[in-house]
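Just below is one structure, and these are the notes that go with it.
The values are calculated or read from the model by the stated rules, or taken from the named source; none is laboratory data. All of these numbers come straight from a predicted model, not from anything done at the bench. Cβ atoms come from the backbone with ideal geometry, glycine included; neighbour counts cover every protein chain shown.
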Amino acid sequence: MKKRNIVKKERGSDDIGKKHLPSRPGLFDKISVLIEQARKNVAITIDKEMVILYWNIGKTIKEEIMKSDRAEYGKQIIHSLSGELTQKYGRGYSVQNLWYMVQLYEAYPILHALRGEFTGLGWTHIRILLPIKEDLKRQFYAALCRKENWSTRTLQERINSMLYERTALSKLPEKTIETQLKELKEKDKMTPELVFRDPYVLDFLELVDTYSERDLESAILNALEKFILELGKDFYFVARQKRITIDNEDYYIDLLFYHRKFKCFVVIDLKLGKFKADYKGQMELYLQYLEKHDMVEGENPPIGLILCAEKGKEQIELLFLQKDRIKVAEYLTKLPSKELFAEKLQKSIQVAQLKLETKKGVN
């Protein structure tokens, strides 16, 4: 009798201690997806309600401040209000945060516009976006931040590196920019104008003053994660120095990527000096080879990106590269001063927009 009791206990302890048997194939993954999606939905709902609350607080404070013309009156209200709210509700109601709430209301006096703009973004992201005065630029960063799931640190880095000004999108007419951003938000549609940049900022490579193309290539691969962040998260690394053989002669593609949204290969050719016309022929050879031998059904023809230290703008125009599936862009291994960089980019935007207006006038 005693022995049977021991056996029963051993069975019980064995049932408790033994490892769980694996569930049916795919069941764990399916349940995990449901849980993760529910958690994400809860987080989105909380963020959404918090942003609406902050907008309402900003509106109420703004209306109170408007009762007086004195700037000091507004500061006094914010300071006293911050102390009272913090004492009752804890963190989140600092003087600076309350001013951000006022700024939120001032930027979006209509609540409906705010909901469409910042869906899926938290308050910390919105605080970084609010100081951007240009509406289209702010929409661009909000849309890319949501799509690529940027952290607040990455968002700030993208703004500091003037990502918007470096895209071809910024050089297009406002109506076109609005359309492409709307399609990105509503249909998750990416265009080359949104994806490709000029120049590319590669200061994270930490290259010395003299380096070879192989050094540049190696540095990129050593910092591949940061390089892909600069390219965009839809890029996937495929190969380095991919060998292709044409007429019994070997050629080597510097870097080969695949773009998920475009469904095509992207060839990156690295050049140390100024752009030369014969680079186009070399790139065309690579693209035609990949299209013939590596492209599969459902994919689009490959795209080429020639990265060089300096562009020859007239050569590019004469070679019709702007209309081709070959892109040419400069890269910077060291950032100039922010003022000089901003001036250069703004000038390039103005020149591009002027050319578009001139062509429109001719047509």
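Structural remarks
- The stretch 256-281, subset over 21 Å from residue 237 (Cβ atoms) and out of contact with any Cys (no Cβ under 9 Å at 6 or more places or on another chain), residue surrounded by the most Cβ atoms within 10 Å (Cβ to Cβ): 280
A quick yes/no check of all residues on (1) at pLDDT 90 or above; (2) in a strand (DSSP E or B); (3) not assigned by TED's automatic domain parsing to the domain that holds residue 156:
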residue	(1), (2), (3)
226	no, no, yes
233	no, no, yes
237	yes, yes, yes
258	yes, yes, yes
281	yes, no, yes
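- Against the test of being in a loop (DSSP other than H, G, I, E, B) and closer than 30 Å to residue 300 by Cβ, the options 176, 119 yield a single qualifying residue, 119.
- The single condition among (1) without any contact (Cβ under 8 Å) to a residue 40 or more places away in the chain; (2) surrounded by fewer than 19 Cβ atoms within 10 Å (Cβ to Cβ); (3) closer than 23 Å to residue 321 by Cβ that residue 173 does not satisfy is (1).
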